[in-house]
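Student: To start, I am sharing the structure in question, which I have written as C-alpha cells.
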Amino acid sequence: DAGITQSPRHKVTETGTPVTLRCHQTENHRYMYWYRQDPGHGLRLIHYSYGVKDTDKGEVSDGYSVSRSKTEDFLLTLESATSSQTSVYFCAISDDPIQGAFFGQGTRLTVV
Amino acid sequence: GENVEQHPSTLSVQEGDSAVIKCTYSDSASNYFPWYKQELGKGPQLIIDIRSNVGEKKDQRIAVTLNKTAKHFSLHITETQPEDSAVYFCAASTSQAGTALIFGKGTTLSVSS
C-alpha cells in the first residue's frame with residue numbers, strides 16, 4: 001500500500017475522551033490527507049497537509065485537529081470524541097495534487 | 001469549493017456486460033480526475049485517471065472520458081467480471097498549491113455470473 005501505515009487499525013473509545021490517529025509514510029510524499037468514510041457520504045476530506053507544519057481544513061473539519069511535525073507523520077486528533085465521529089478514517093498521500101493519492105488500509109473508530 | 005456528483009449509487013450487471021458510471025464537477029479550474037476502486041475492508045485503490053488536456057484514456061477493459069465543456073467525466077468497464085464487483089469513486093482536483101481530491105459518494109457495482 002505505497003508505504004502507508006495507519007495506527008491503530010481499530011479503536012473503541014468513550015464519548016468525551018481524546019483520540020489520536022496516526023498516519024506514517026515511507027514515501028517522502030509532500031501531501032498527506034485525512035478522510036472519513038460513512039455510508040451514503042462516500043469519502044469526505046477532514047484536513048490535509050501540503051508540507052511540514054502546513055495544514056488546511058477540509059469540508060468536515062469541525063471537532064478535528066491535525067499536526068505534521070515531520071514529513072512522514074500526520075496525526076489526526078479528536079479532542080473530545082462524539083458518537084457522530086464513529087467512522088472509518090483513511091489517510092492518503094501524494095507527491096502532487098495532480099497525481100493519484102495512495103490510501104492506507106483505514107482505521108475503524110467506534111465512539112460509545 | 002469543488003463539488004462532485006456521482007451516479008448511479010448502485011449498479012447491477014451480468015458478467016460480460018458493460019458498466020458506465022458518471023460524475024459531474026462544479027469547479028471549472030479542476031484539471032485532474034482519478035477513479036478509485038474499493039474492495040470490502042480495504043482502502044481505495046487508484047485504477048485510472050485523466051487530465052484536462054485529454055478527452056479519453058483506456059487501460060485494457062477500463063476507459064475514462066472527459067467532457068470539460070459539460071464538466072462531466074465517466075468510467076466505462078467492458079466485459080465485466082465478478083472480480084469487478086466493488087465500490088467505485090470518482091474524484092476531482094485542481095493543480096493549485098494546498099489542494100486535495102474531492103470525491104463523489106461512490107457507486108456499488110455488482111457483477112453477477
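The values are calculated or read from the model by the stated rules, or taken from the named source; none is laboratory data. In this text the structure is predicted, and so the values were computed from the model without any measurement. Neighbour counts are summed over all protein chains in view; Cβ atoms, including those assigned to glycine, are modelled from backbone coordinates with ideal geometry. Heavy atoms of the whole protein, side chains included, go into the accessibility calculation; ligands, DNA and RNA do not. Shrake-Rupley method; radii C 1.70, N 1.55, O 1.52, S 1.80 Å.
Student: What's the average, rounded to a whole number, of partner chain beta-carbon atoms within 10 Å of each residue's beta-carbon in B:22-35?
Tutor: Per-residue shielding by partner chains comes out at 1.
Student: Mind listing the phi-derived Karplus ³J(HN,Hα) values for segment A:51-61, rounded to whole Hz, using 6.51, -1.76 and 1.60 with θ = phi - 60°, and x for any glycine or proline?
Tutor: x, 4, 6, 10, 9, 8, 7, x, 6, 10, 8
Student: Quick check for me: using +1 on Lys/Arg Cβ and -1 on Asp/Glu Cβ, what's the dipole size of the protein assembly as shown about its Cα centre, in debye to the nearest 20?
Tutor: 220
Student: Treating only the Cβ atoms of Lys and Arg (+1) and Asp and Glu (-1) as charged, compute the dipole magnitude of chain B about its Cα centre; round to the nearest 20 debye.
Tutor: On the way: 10 positive and 12 negative charges, 63 e Å.
Roughly 300 debye for chain B.
Student: May I ask for the accessible area buried between chains A and B, both sides summed, probe 1.4 Å, to the nearest 100 Å²? Don't skip to the answer; put the middle values down first.
Tutor: Working: alone 6000 and 6330 Å², together 10590 Å².
When A and B are taken together, about 1700 Å² of accessible area is lost.
Student: Binning at 10 angstrom from zero up to the longest distance, how are the C-alpha pair distances of segment A:4-112 distributed in percent?
Tutor: For segment A:4-112, the pair-distance distribution reads 16, 52, 28, 4.
Student: May I pose another question? Quick one: which residues, 5 or more positions from B:D17 or on another chain, have an amide H under 5 Å from its amide H? H modelled 1.01 Å from N in the peptide plane, none for Pro or chain starts.
Tutor: B:T80
Student: Moving to a separate point now. What FRET efficiency comes out for the pair B:R51/A:D54, r = Cβ-Cβ distance, R0 = 25 Å, nearest 0.05? Numbers along the way, then the final one.
Tutor: Details: r = 25 Å, r/R0 = 0.99.
So the FRET efficiency works out to roughly 0.50.
Student: Using θ = phi - 60° and the Karplus relation 6.51 cos²θ - 1.76 cosθ + 1.60, list the HN-Hα couplings for segment B:82-93 in order, rounded to whole Hz, with x at every Gly or Pro.
Tutor: Going residue by residue, I get x, 6, 7, 4, 4, 9, 10, 10, 9, 8, 9, 8 Hz, with x marking Gly and Pro.
Student: Then there is this: Cα-based count: Lys pairs in the protein assembly as shown below 18 Å, eight or more positions apart or different chains?
Tutor: 16
Student: If packing is taken as the average number of other Cβ atoms within 10 Å across a peptide's residues, how do A:51-61, B:18-28 rank, most packed first?
Tutor: On the way: A:51-61: 14.8, B:18-28: 17.6.
Ranking the peptides A:51-61, B:18-28 by packing returns B:18-28, A:51-61.
Student: Which FRET efficiency, nearest 0.05, do B:S110 and A:V12 yield, Cβ-Cβ r, R0 30 Å? Let's see the in-between values first.
Tutor: Values: r = 31 Å, r/R0 = 1.04.
Computed FRET efficiency for B:S110 and A:V12 comes out at 0.45.
Student: Grab the Cα-Cα distance for A:H41 and A:S80, subtract it from 0.36 nm times how many residues apart they are, and report the gain in nm with one decimal. List each step's numbers first, then the result.
Tutor: Working: separation 39, 0.36 × 39 = 14.04 nm, distance 2.26 nm.
Net length gain for the segment: 11.8 nm.
Student: Going by amide H atoms built from the backbone, whose H comes under 5 Å of the H on B:A100, apart from near neighbours?
Tutor: Excluding prolines and chain starts, which carry no amide H, the hits are B:T94.
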